[in-house]
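Okay, so here's the structure we're looking at.
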Amino acid sequence: MNQQLLAKTFVELADNLVADFDLIDFLRLLTDRCVGMLGAGAAGVLLADRDGELRVMAASDEQVRLLELFQLQNDEGPCLECFRTGTQVIVPDLTREVDRWPRFVTVAHHSGFGAVQALPMRLRDETVGALNLFRAAPGPFDPAATLIAQALADVATISLLQQRTTHRSTVLNEQLQTALNSRVLIEQAKGKLAERQGIDMEQAFTTLRGYARAHNRRLSDVARAFIDDSERLPGLGS
(Lines give C-alpha, C1' and ligand atoms only; values in the text may rest on other atoms or scores of the structure.)
Protein backbone atom coordinates (compact mmCIF):
# COMPACT_ATOMS: atom_id res chain seq x y z
CA MET A 1 0.00 0.00 0.00
CA ASN A 2 1.22 3.49 -0.85
CA GLN A 3 1.76 4.99 2.60
CA GLN A 4 2.30 8.52 1.26
CA LEU A 5 -0.97 8.40 -0.67
CA LEU A 6 -2.77 7.03 2.39
CA ALA A 7 -1.45 9.86 4.56
CA LYS A 8 -2.39 12.41 1.90
CA THR A 9 -5.90 10.96 1.70
CA PHE A 10 -6.43 11.30 5.44
CA VAL A 11 -5.31 14.94 5.27
CA GLU A 12 -7.62 15.66 2.32
CA LEU A 13 -10.60 14.05 4.01
CA ALA A 14 -9.90 15.84 7.29
CA ASP A 15 -9.92 19.31 5.74
CA ASN A 16 -12.55 21.62 7.21
CA LEU A 17 -15.57 22.39 5.09
CA VAL A 18 -15.61 25.82 3.49
CA ALA A 19 -18.27 27.86 1.75
CA ASP A 20 -17.48 26.53 -1.72
CA PHE A 21 -16.88 22.94 -0.57
CA ASP A 22 -17.68 20.48 -3.37
CA LEU A 23 -19.33 17.58 -1.56
CA ILE A 24 -19.64 15.34 -4.61
CA ASP A 25 -15.97 15.69 -5.50
CA PHE A 26 -15.04 15.09 -1.84
CA LEU A 27 -17.01 11.83 -1.71
CA ARG A 28 -15.75 10.71 -5.12
CA LEU A 29 -12.23 11.13 -3.73
CA LEU A 30 -13.19 8.77 -0.91
CA THR A 31 -14.49 6.07 -3.29
CA ASP A 32 -11.58 6.42 -5.71
CA ARG A 33 -8.99 6.05 -2.97
CA CYS A 34 -10.73 2.98 -1.52
CA VAL A 35 -10.51 1.34 -4.93
CA GLY A 36 -6.97 2.51 -5.64
CA MET A 37 -5.43 1.74 -2.25
CA LEU A 38 -7.50 -1.02 -0.67
CA GLY A 39 -8.07 -3.36 -3.58
CA ALA A 40 -11.84 -2.93 -3.79
CA GLY A 41 -13.30 -3.55 -7.22
CA ALA A 42 -15.71 -0.65 -6.80
CA ALA A 43 -17.00 1.66 -4.07
CA GLY A 44 -20.03 3.80 -3.40
CA VAL A 45 -21.29 6.25 -0.79
CA LEU A 46 -24.87 6.63 0.38
CA LEU A 47 -25.80 9.66 2.49
CA ALA A 48 -29.05 10.57 4.20
CA ASP A 49 -30.80 13.73 3.04
CA ARG A 50 -32.62 16.21 5.28
CA ASP A 51 -35.57 13.82 5.55
CA GLY A 52 -33.40 10.85 6.52
CA GLU A 53 -33.74 9.19 3.12
CA LEU A 54 -30.63 7.60 1.67
CA ARG A 55 -29.29 8.92 -1.63
CA VAL A 56 -26.45 7.77 -3.87
CA MET A 57 -23.89 10.55 -3.55
CA ALA A 58 -20.78 9.00 -5.08
CA ALA A 59 -19.67 5.88 -6.91
CA SER A 60 -16.34 4.81 -8.36
CA ASP A 61 -18.04 3.72 -11.59
CA GLU A 62 -21.42 3.71 -13.30
CA GLN A 63 -22.12 0.03 -12.65
CA VAL A 64 -21.87 0.34 -8.89
CA ARG A 65 -23.93 3.56 -8.97
CA LEU A 66 -26.76 1.64 -10.62
CA LEU A 67 -26.40 -1.19 -8.08
CA GLU A 68 -26.62 1.30 -5.21
CA LEU A 69 -29.74 2.81 -6.80
CA PHE A 70 -31.23 -0.67 -7.08
CA GLN A 71 -30.77 -1.18 -3.34
CA LEU A 72 -32.60 2.06 -2.58
CA GLN A 73 -35.40 1.43 -5.05
CA ASN A 74 -36.00 -2.09 -3.72
CA ASP A 75 -35.33 -1.28 -0.05
CA GLU A 76 -32.98 -4.26 0.18
CA GLY A 77 -29.26 -4.81 0.55
CA PRO A 78 -26.24 -4.68 2.87
CA CYS A 79 -25.72 -0.94 2.52
CA LEU A 80 -29.21 -0.14 3.77
CA GLU A 81 -28.79 -2.58 6.63
CA CYS A 82 -25.48 -0.97 7.56
CA PHE A 83 -27.04 2.50 7.65
CA ARG A 84 -30.05 1.38 9.69
CA THR A 85 -28.03 -0.53 12.28
CA GLY A 86 -24.98 1.73 12.34
CA THR A 87 -22.75 -1.35 12.22
CA GLN A 88 -20.52 -2.98 9.63
CA VAL A 89 -22.09 -5.52 7.30
CA ILE A 90 -19.40 -7.79 5.85
CA VAL A 91 -20.40 -10.40 3.28
CA PRO A 92 -17.48 -12.48 1.93
CA ASP A 93 -19.78 -14.51 -0.34
CA LEU A 94 -23.01 -12.99 -1.62
CA THR A 95 -24.30 -16.33 -2.90
CA ARG A 96 -24.79 -17.37 0.72
CA GLU A 97 -27.16 -14.45 1.32
CA VAL A 98 -29.84 -15.18 -1.29
CA ASP A 99 -32.51 -15.68 1.37
CA ARG A 100 -31.49 -12.44 3.08
CA TRP A 101 -31.47 -10.16 -0.01
CA PRO A 102 -32.83 -12.21 -2.95
CA ARG A 103 -33.20 -9.38 -5.45
CA PHE A 104 -29.99 -7.59 -4.53
CA VAL A 105 -27.85 -10.75 -4.68
CA THR A 106 -29.18 -11.57 -8.15
CA VAL A 107 -28.45 -8.11 -9.53
CA ALA A 108 -25.05 -7.90 -7.81
CA HIS A 109 -24.09 -11.24 -9.36
CA HIS A 110 -25.12 -10.06 -12.82
CA SER A 111 -23.08 -6.90 -12.23
CA GLY A 112 -19.99 -9.00 -11.54
CA PHE A 113 -19.77 -8.68 -7.75
CA GLY A 114 -19.32 -11.62 -5.41
CA ALA A 115 -18.54 -9.93 -2.08
CA VAL A 116 -19.34 -6.67 -0.34
CA GLN A 117 -18.64 -4.83 2.87
CA ALA A 118 -20.73 -1.89 4.01
CA LEU A 119 -19.14 0.43 6.58
CA PRO A 120 -21.12 2.99 8.56
CA MET A 121 -20.34 6.68 8.28
CA ARG A 122 -21.04 7.26 11.93
CA LEU A 123 -19.98 9.54 14.76
CA ARG A 124 -21.15 8.43 18.19
CA ASP A 125 -24.92 7.90 17.85
CA GLU A 126 -25.32 9.70 14.54
CA THR A 127 -25.09 7.71 11.32
CA VAL A 128 -25.12 9.89 8.20
CA GLY A 129 -24.53 7.23 5.56
CA ALA A 130 -22.53 4.21 4.48
CA LEU A 131 -19.33 3.52 2.55
CA ASN A 132 -19.74 0.40 0.45
CA LEU A 133 -16.88 -1.64 -1.03
CA PHE A 134 -17.54 -4.28 -3.67
CA ARG A 135 -15.29 -7.06 -4.92
CA ALA A 136 -15.66 -9.44 -7.85
CA ALA A 137 -14.35 -12.63 -6.23
CA PRO A 138 -15.88 -14.15 -3.07
CA GLY A 139 -13.55 -14.66 -0.13
CA PRO A 140 -12.62 -13.13 3.23
CA PHE A 141 -11.78 -9.46 3.43
CA ASP A 142 -8.39 -8.35 4.71
CA PRO A 143 -9.00 -7.16 8.30
CA ALA A 144 -6.24 -4.54 8.00
CA ALA A 145 -7.79 -3.08 4.83
CA THR A 146 -11.20 -3.04 6.53
CA LEU A 147 -9.76 -1.09 9.46
CA ILE A 148 -8.27 1.47 7.07
CA ALA A 149 -11.51 1.76 5.08
CA GLN A 150 -13.48 2.33 8.29
CA ALA A 151 -10.94 4.92 9.40
CA LEU A 152 -11.33 6.75 6.07
CA ALA A 153 -15.11 6.64 6.47
CA ASP A 154 -14.80 7.95 10.04
CA VAL A 155 -12.56 10.86 9.04
CA ALA A 156 -14.88 11.77 6.18
CA THR A 157 -17.85 11.66 8.57
CA ILE A 158 -16.12 13.96 11.05
CA SER A 159 -15.40 16.42 8.25
CA LEU A 160 -19.02 16.30 7.13
CA LEU A 161 -20.36 16.86 10.62
CA GLN A 162 -17.80 19.41 11.76
CA GLN A 163 -19.42 22.49 10.29
CA ARG A 164 -22.83 21.50 11.64
CA THR A 165 -21.32 21.28 15.13
CA THR A 166 -19.21 24.42 14.77
CA HIS A 167 -21.97 26.65 13.47
CA ARG A 168 -24.90 24.89 15.16
CA SER A 169 -26.91 25.19 11.96
CA THR A 170 -28.30 23.16 9.12
CA VAL A 171 -25.22 23.71 6.97
CA LEU A 172 -24.69 19.99 6.32
CA ASN A 173 -28.31 19.41 5.35
CA GLU A 174 -28.19 22.40 3.02
CA GLN A 175 -24.98 21.13 1.45
CA LEU A 176 -26.45 17.65 1.03
CA GLN A 177 -29.51 19.09 -0.69
CA THR A 178 -27.35 21.28 -2.91
CA ALA A 179 -25.24 18.25 -3.75
CA LEU A 180 -28.35 16.26 -4.65
CA ASN A 181 -29.42 19.03 -7.01
CA SER A 182 -25.91 19.20 -8.44
CA ARG A 183 -25.90 15.45 -8.95
CA VAL A 184 -28.88 15.80 -11.31
CA LEU A 185 -27.00 18.41 -13.34
CA ILE A 186 -23.90 16.24 -13.48
CA GLU A 187 -25.86 13.19 -14.64
CA GLN A 188 -27.44 15.28 -17.42
CA ALA A 189 -24.05 16.64 -18.46
CA LYS A 190 -22.56 13.13 -18.45
CA GLY A 191 -25.29 11.92 -20.78
CA LYS A 192 -24.90 14.84 -23.14
CA LEU A 193 -21.10 14.55 -23.25
CA ALA A 194 -21.21 10.77 -23.67
CA GLU A 195 -23.53 11.12 -26.65
CA ARG A 196 -21.56 13.99 -28.17
CA GLN A 197 -18.15 12.32 -27.90
CA GLY A 198 -19.23 8.69 -28.30
CA ILE A 199 -17.86 7.62 -24.90
CA ASP A 200 -19.37 5.80 -21.92
CA MET A 201 -20.81 7.49 -18.84
CA GLU A 202 -17.78 6.86 -16.64
CA GLN A 203 -15.44 8.37 -19.23
CA ALA A 204 -17.79 11.34 -19.51
CA PHE A 205 -17.65 11.90 -15.73
CA THR A 206 -13.86 11.65 -15.73
CA THR A 207 -13.67 14.20 -18.54
CA LEU A 208 -15.99 16.67 -16.79
CA ARG A 209 -14.18 16.24 -13.49
CA GLY A 210 -10.79 16.67 -15.14
CA TYR A 211 -11.94 19.86 -16.86
CA ALA A 212 -13.29 21.28 -13.60
CA ARG A 213 -10.06 20.55 -11.73
CA ALA A 214 -7.83 21.82 -14.53
CA HIS A 215 -9.73 25.13 -14.57
CA ASN A 216 -10.21 25.34 -10.79
CA ARG A 217 -14.00 25.28 -11.07
CA ARG A 218 -16.79 23.47 -9.28
CA LEU A 219 -17.92 20.34 -11.08
CA SER A 220 -21.57 21.38 -10.87
CA ASP A 221 -20.81 24.78 -12.45
CA VAL A 222 -19.05 23.13 -15.39
CA ALA A 223 -21.97 20.71 -15.78
CA ARG A 224 -24.50 23.55 -15.79
CA ALA A 225 -22.52 25.57 -18.35
CA PHE A 226 -22.16 22.51 -20.58
CA ILE A 227 -25.87 21.67 -20.45
CA ASP A 228 -26.94 25.27 -21.09
CA ASP A 229 -24.25 25.96 -23.72
CA SER A 230 -23.86 29.25 -21.89
CA GLU A 231 -20.12 29.49 -22.48
CA ARG A 232 -17.32 27.95 -24.51
CA LEU A 233 -15.68 24.97 -22.80
CA PRO A 234 -12.68 23.98 -24.95
CA GLY A 235 -12.07 20.26 -24.81
CA LEU A 236 -15.69 19.43 -24.05
CA GLY A 237 -16.94 20.25 -27.52
CA SER A 238 -18.85 23.25 -26.22
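The values are calculated or read from the model by the stated rules, or taken from the named source; none is laboratory data. This one's a predicted model, so the numbers in the text were calculated from it and none came from an experiment. A quick note on method: Cβ atoms are made from the backbone with ideal geometry, for glycine too, and the neighbour counts reach across all protein chains shown. Note: accessible area is taken over every heavy atom of the protein model, side chains too, but ligands, DNA and RNA are not part of it. Shrake-Rupley method; radii C 1.70, N 1.55, O 1.52, S 1.80 Å.
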Name the one entry in 104, 141, 113 that is open to solvent by less than 40 Å² (accessible area, probe 1.4 Å) and assigned to a helix (DSSP H, G or I). 104
Close pairs (6 angstrom Cβ cut-off, 6 or more residues apart or separate chains): of a type in the set (Asp, Glu) in segment 200-227, open to solvent by 30 Å² or more (accessible area, probe 1.4 Å) anywhere: 202/61; 202/62
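Within segment 182-203, which residues are farther than 25 Å from residue 49 by Cβ and either open to solvent by less than 40 Å² (accessible area, probe 1.4 Å) or outside any helix (DSSP H, G or I) (or both)? Give the steps one after another, and end with the answer.
Restricting attention to segment 182-203, the residues satisfying the condition of being farther than 25 Å from residue 49 by Cβ are 192-200, 203.
Matches in segment 182-203: 193, 194, 198, 199, 200.
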Selection count, segment 66-101, where residues are among the charged types (D, E, K, R), within 20 Å of the chain's Cα centre (by Cα) and surrounded by fewer than 22 Cβ atoms within 10 Å (Cβ to Cβ): 4
Answer yes or no as to whether residue 46 is more than 15 Å from residue 108 (Cα to Cα), surrounded by fewer than 20 Cβ atoms within 10 Å (Cβ to Cβ) and touching an Asp or Glu at 6+ places or on another chain (Cβ under 7 Å). no
Going by the conditions given, is residue 106 of a type in the set (Ser, Thr, Tyr), out of contact with any Ser or Thr (no Cβ under 9 Å at 6 or more places or on another chain) and free of Cβ contacts under 8 Å to residues at least 12 places away in the same chain? yes
Would you mind finding the one in 53, 76 that is within 24 Å of residue 181 (Cβ to Cβ) and either at pLDDT 95 or above or of a type outside the set (Val, Ile, Thr) (or both)? 53
Return the total of residues in segment 214-226 being part of a helix (DSSP H, G or I), closer than 18 Å to residue 183 by Cβ and either open to solvent by 40 Å² or more (accessible area, probe 1.4 Å) or not small (Gly, Ala, Ser) (or both). 5
Residue ID - farthest from the chain's Cα centre (by Cα), chosen from residues in segment 116-132 that are touching a residue at least 60 places away in the same chain (Cβ under 8 Å) and buried (at least 24 other Cβ atoms within 10 Å of the Cβ): 121
